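Asks: Here it is, the structure in full.
The values are calculated or read from the model by the stated rules, or taken from the named source; none is laboratory data. Please read all numbers here as calculations on a predicted model, not as lab measurements. Glycine also receives a Cβ, built like all others from the backbone with ideal geometry; neighbour counts cover every protein chain displayed. Each accessible area value is taken on the protein alone, full model and side chains, heavy atoms only, with ligands, DNA and RNA left out. Shrake-Rupley method; radii C 1.70, N 1.55, O 1.52, S 1.80 Å.
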Amino acid sequence: MILTVTPNPSLDRTYEIPALERGEVIRASGERMDPGGKGVNVSRAVAAAGRRTVAVLPLGGAPGALVADLLDAQGIEVAPVPVAGATRSNIALAESDGVLTKINAPGPELSAQEQELLLETVREQSRDADWIACCGSLPRGLAPSWYADVVTRAHAGGARIALDTSGRALLEALRARPDVVKPNAEELAEAVGRPLATVGDALKAAEELRGMGARAVLASLGADGQLLVEDEGAWFASARVDTVRSNVGAGDSSLAGFLIAGGSGPKALASAVAHGAAAVQLPGSVMPTPADLDPTAVTLTDRVPVDRELTEPVS
């Protein structure tokens with residue numbers, strides 16, 4: 001079972017539009033409403049793969065109730081933490097050329113009692129978990145060290161923990177030695193405080209994060225592929241993608257694929273890349289099923305192409 005923790009979930013509305021034109025009336029060609037938040041998306045991808053998952057998340061108001069209903073309809077067990085504030089609602093505008101514009105609301109502020117209940121719920125639900133995936137931004141009220149506390153408690157209970165967050169929350173959590181962290185290129189550059197222009201730059205940054213406490217780093221480099229660095233070595237993988245429809249939740253699908261395949265080693269990396277590539281070819285934040293995956297499109301090597309320039313370098 002994979003347990004996910006989403007401290008700041010959302011109700012996500014995605015509209016497919018021809019092009020974004022400011023000040024104009026734009027008619028959408030398609031729309032979706034999905035439960036949102038990075039951990040929620042990991043649970044959705046795990047469930048789409050036919051595996052058991054439990055989602056721990058604070059929920060409040062009508063949007064929170066709708067998130068719970070949508071997750072239940074997808075076969076996801078929900079461990080809700082009731083909060084006084086309403087769950088946030090986000091909007092994504094997906095243009096026909098693949099450009100995505102997102103408007104994310106801040107979300108409710110959690111009281112001290114709600115924060116402790118969230119931690120206690122994670123502890124209770126983690127007893128049968130193979131992995132705990134803690135993902136996304138922290139809501140107002142939670143200190144940047146909150147993820148570090150979760151990592152420490154998870155390890156004390158014998159659980160493995162994957163972390164997908166950024167900024168100070170990531171840096172604080174590294175001290176607690178999470179089993180794997182999953183930054184994208186921007187988050188990786190921010191963590192080490194320098195630009196990334198090549199795959200080699202990303203490799204050095206990932207090694208630096210390991211030096212700061214991460215036991216393994218799964219770095220997403222966008223269209224260029226993904227990099228896995230752990231004690232046993234480093235691997236690089238990429239996948240052929242025919243058409244990009246939406247990258248909403250693609251990174252979360254990738255993390256799910258990684259954990260489903262064991263959470264370490266080249267096979268897990270190949271699974272992560274296959275899941276991410278499948279997700280970007282689906283509309284909105286639809287998560288891929290096994291039928292959507294194309295393992296033959298994945299290329300994997302232990303000879304990391306350190307001189308390859310990133311398609312989208314991070315300054």
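Asks: How would you order 277-283, 50-56, 195-201 from highest to lowest mean count of nearby Cβ atoms within 10 Å?
Replies: Numbers: 277-283: 22.6, 50-56: 21.0, 195-201: 17.9.
Taking the mean over residues of other Cβ atoms within 10 Å, the ranking is 277-283, 50-56, 195-201.
Asks: Give the relative contact order (percent, whole number) for the chain; include only Cα pairs under 8 Å separated by 6+ residues.
Replies: On the way: 761 pairs, mean separation 53.1, N = 315.
Relative contact order, the chain: 17 percent.
Asks: If you take the alpha carbon radius of gyration of the stretch 203-297 and divide it by 2.2 N^0.38 Å, what ratio comes out, to two decimals?
Replies: In units of the globular-protein estimate, the stretch 203-297 measures up at 1.05.
Asks: Still on this structure, please answer the following. State the volume of the convex hull built on the alpha-carbon positions of the stretch 245-294, expressed per residue in Å³ and rounded to an integer. Don't jump to the answer; show the numbers that get you there.
Replies: Working: hull volume 2.7 nm³, N = 50.
In the stretch 245-294, the Cα hull volume divided by residue count equals 55 Å³.
Asks: Using only DSSP helix segments of four residues or longer, with each worth -39500 (n - 2.57), what per-residue ellipticity at 222 nm results for the chain after dividing by its residue count and rounding to 500?
Replies: On the way: 9 runs with 105 residues, N = 315.
Computed ellipticity for the chain at 222 nm equals -10500 deg cm²/dmol.
Asks: If the chain between LYS267 and ARG51 were fully stretched, how many nm would it gain, using 0.36 nm times the residue separation less the Cα-Cα distance?
Replies: Details: separation 216, 0.36 × 216 = 77.76 nm, distance 1.77 nm.
Here the segment from LYS267 to ARG51 would lengthen by 76.0 nm.
Asks: Next up: Heavy atoms only, probe 1.4 Å: what % of the accessible area of the chain goes to carbon and sulfur, would you let me know? Could the numbers behind the result be given before it?
Replies: Values: 6580 of 13670 Å².
Carbon and sulfur: 48 percent of the exposed surface of the chain.
Asks: Let me ask something else about it. Ignoring ligands, DNA and RNA, what accessible area per residue does the stretch 21-145 give at 1.4 Å, in Å²?
Replies: 49 Å²
Asks: Residues with amide H under 5 Å of ARG160's amide H, sequence separation 5 or more or different chain, H placed in the peptide plane at 1.01 Å from N; which?
Replies: ILE132
Asks: How are the C-alpha pair distances of the stretch 146-195 spread across 10 Å bins, as whole percents from the shortest bin up?
Replies: Calculated over all Cα pairs of the stretch 146-195, the distribution is 28, 52, 18, 3 percent.
Asks: Still on this structure: Between ALA291 and ASP97, take the C-beta separation as r, use R0 = 41 Å, and let me know the FRET efficiency to the nearest 0.05.
Replies: The calculated FRET efficiency here is 0.95.
Asks: I'm checking a number: the convex hull volume of the Cα atoms of the stretch 42-111, normalised per residue, in Å³. What is it? Please list the in-between numbers first.
Replies: Values: hull volume 7.4 nm³, N = 70.
Spread over its residues, the Cα hull of the stretch 42-111 gives 105 Å³ apiece.
Asks: Evaluate the Kirkwood expression for the hydrodynamic radius of the stretch 144-240, namely the inverse of the mean inverse distance over all pairs of different C-alpha atoms, and round to one decimal in Å. Before the final figure, lay out each step's value.
Replies: Working: mean 1/r = 0.0750 Å⁻¹.
Hydrodynamic radius (Kirkwood, Cα only) of the stretch 144-240 equals 13.3 Å.
Asks: If I stretch the segment between ALA62 and ARG127 completely, what's the gain in nm (0.36 nm per residue apart, minus their alpha carbon distance), one decimal? Mind dumping the intermediate values first?
Replies: Details: separation 65, 0.36 × 65 = 23.40 nm, distance 3.01 nm.
Here the segment from ALA62 to ARG127 would lengthen by 20.4 nm.
Asks: How many times 2.2 N^0.38 Å is the alpha carbon radius of gyration of the chain?
Replies: Working: Rg = 18.4 Å, N = 315, 2.2 N^0.38 = 19.6 Å.
Output field value: 0.94.
Asks: If you look at just the Cα atoms of the stretch 206-246, how large are its Rg and its Dmax in Å?
Replies: For the stretch 206-246, the Cα radius of gyration and maximum Cα-Cα distance read 12.6, 38 Å.
Asks: A further question follows. Test of understanding: extend the Cα→C-beta vector of LEU20 to 7 Å, then name every residue of the stretch 82-99 with backbone N under 13 Å from that spot.
Replies: Zone members listed by number: 91-99.
Asks: Figure the gain on full extension for ARG194 and ALA156 (residue separation times 0.36 nm, minus the Cα-Cα span) and round it to one decimal in nm. Please report the intermediate quantities before stating the final value.
Replies: Details: separation 38, 0.36 × 38 = 13.68 nm, distance 3.39 nm.
Gain on extension, ARG194 to ALA156, equals 10.3 nm.
Asks: Further question on the same structure: Say R0 is 35 Å: what FRET efficiency, to the nearest 0.05, do ARG177 and ASP72 get from their beta-carbon distance? Could you put the intermediate results ahead of the total?
Replies: Numbers: r = 34 Å, r/R0 = 0.99.
Working from the Cβ atoms, E equals 0.50.
Asks: Roughly how far apart, in whole Å, are the Cα centres of the stretch 141-159 and the stretch 164-194?
Replies: 15 Å
Asks: Quick one: accessible area per residue over the stretch 217-299, 1.4 Å probe, rounded to a whole number of Å²?
Replies: Values: 2920 Å² over 83 residues.
On a per-residue basis, the stretch 217-299 sits at 35 Å².
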